[in-house]
Each structure stands twice: as structure tokens, then as C-alpha cells.
Amino acid sequence: MNKLLSKTWTSGLKMGEKYEKKILINTINSHSFNVALKDIEFYNALLKSDILIPDGIGIVFALRFLKNIKIRKIAAYDLMIYEFENLNKVGGKCFFLGSSDKVLDLVKKRAAIEYPNISIATYSPPYKPVFSEEDNKVMIQAVNEFSPEVLFVGMTAPKQEKWSAANFEKLNVKHVGCIGATFDFYAGTVERAPEWMVRIGMEWLYRLIMEPKRLWKRYIIGNPKFIWYVLKEKFKSSK
């Protein structure tokens, strides 16, 4: 079985709240799996994860179908709420790196109401395909000066995963989590799927309906491609 599927976290979100260990947390779904097969840097960044959570019903299906491993989908949003709840208990600090100043401001305002014991800092990096050395230096310095227990990175995949893997050792944090669109979901600038659709594994369909021009290739072409890969793996292992 592919190393990425083998590495996928199957224990749920049970990382504790003491933040003693430095860990890199990424998510994987059918789309990111497909992209990683063609992008070796992205593939290696995901393999570097200490925790790779199954943020997609396709990954849940694949592990059950290939290895009879029964797990539930854990969205990046679930990770954020889990970390928020733990940080709120201990009065910890959280840094949001990515997105726009508008989104970051909305995140801070909402979190201040829902999780008043958390100190939050943010930084909106420049919008460009590749960061310069100076860009990276400024981002790392902003994070390290705040020294949070948790750093959330939201620059869209695979950019966020590559950046986090490349700079992980330079960051003075405990948990680094790449959570992408969760910034927008929590800020309310992008509407997340209704809870019942999330619960039955149809969040992808809601996103496709809401953004068909941007996401049709990801789901209409990407999902069958992922299923075909899983079927080939099953056939190969049964020989």
C-alpha cells in the first residue's frame, strides 16, 4: 500500500494538552493524494508529518477497503477546534499564518469570544507562488517572537505543506498544523457544508456545488482517479 495511506493517522485526535512534543500535523484527502503522486516535494512533505489526519471520505474508504481499518474522517476544522479547546484549558497561545488581514481579523474576533483564554497573533504573508528568503525570514521571526504552542498555516495546498516541512526546524512552536480553507470557514467568509453533509461524508459535494468552476476537476476527475488507484492497489495485493 502507498506510504501515504500507510502513514494516515487512525487513532483520532488524542494528542494531549501539555504541548511537550514538537509535531507536524498535515491532512490528506483524495485530491491531495492525487497531487502528491505527481509532486515529489509535496509527497515528501506529507511523509514528514508526525500526524497525517484523514480529511476526506475517500481516504476513510481506501483504508477500510484495502486494510479493513475502520476510522472516521477528521477534518482540518476538527483539528483547529481540538487545539482551541486544549489551548483554552491551559491559557495557551496560537498563531495564524496565511490568508488576508480581513480573514485573520475575523478569526481573532470570533476566537476571542469563544475561547477567551487563548492569546492569538496573526501574520498575512505576501500573495506570491514562491516566497523569497526575506519573506521566509519575516514569517519565521513573527512566529518565533510570539512563541505559540500552536501554529496554524493556511496558504492552500500544497504550498502550506511544503513551507511547513521546509521550515519546521526553524519554528519555535510545539504543534504546526496545515489547515488551509479552515481559516475562511472559521472567519465566516466561506460557508462550510451543513453538519449533516459533513457527518455522512458529502462535504466534497457541497463544496463542488458552491464552487463548480474552481473545483470540478478536483472532484469530477480526481475522485474517479483516486478510486481507480485504490482498486488497482486491491487487485495488486490480492495476487
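Only the coordinates and a few stated rules stand behind these numbers; no lab work does. Just so we're clear, the structure is a prediction, and the values are computed from it rather than from any experiment. Cβ placement follows ideal geometry from the backbone for every residue including glycine, while neighbour counts extend to all protein chains displayed.
Helix 222-237 axis versus longest C-alpha principal axis of the chain: approximately 60°, rounded to the nearest ten.
Just to be sure I understand the curve: with the Debye formula and one point per C-alpha of the chain, what is log10 I(q)/I(0) at q = 0.11, 0.14, 0.18 Å⁻¹? Treating every Cα as an identical point scatterer, log10 I(q)/I(0) equals -0.57, -0.93, -1.52. The order of the peptides 172-178, 154-160 by mean Cβ neighbours within 10 Å, most packed first, is 172-178, 154-160. Only Lys, Arg, Asp and Glu carry charge here, each on its Cβ (+1 for the first two, -1 for the last two); on that basis the chain has a dipole of about 1160 debye about its Cα centre. Taking the dipole about the Cα centre of the stretch 136-210, with the C-beta of Lys and Arg at +1 and of Asp and Glu at -1, give me whichever of Ala193, Leu205, Leu171 is farthest to the positive side. Of the listed residues, the answer is Leu171. Listed by chain and number, the lysines placed with their C-alpha closer than 16 angstrom to that of Lys67 are Lys3, Lys7, Lys232, Lys234, Lys236, Lys239; residues fewer than eight positions away on the same chain are left out. Say the dipole of the chain comes from +1 at the beta carbon of Lys and Arg and -1 at that of Asp and Glu; which of Ile227, Ile140, Gly92 then lies farthest toward its positive end? Checked the options; the winner is Ile227.
The listed peptides 189-196, 23-30, ordered by packing as a protection proxy, come out as 23-30, 189-196 (highest mean of other Cβ atoms within 10 Å first). Helix 76-90 and the longest principal axis of the Cα set of the chain meet at an angle near 40°. Counted by Cβ distance under 10 Å from Met197, the other residues give a net charge of +1, where Lys and Arg count +1 and Asp and Glu count -1.
Using a/c under 1.5 as the rounded threshold, could you call the stretch 188-239 rounded, prolate or oblate? The axes a ≥ b ≥ c are square roots of the C-alpha gyration tensor eigenvalues, and prolate needs a/b larger than b/c, oblate otherwise. Display every interim value, and only then the final one.
Values: a/c = 4.58, a/b = 2.02, b/c = 2.27.
The shape class here is oblate.
How would you classify the stretch 20-144 from its alpha-carbon gyration tensor, with a ≥ b ≥ c the square roots of the eigenvalues: rounded for a/c under 1.5, else prolate if a/b is greater than b/c, otherwise oblate? It is oblate, given that a/c is not under 1.5 and a/b is not larger than b/c.
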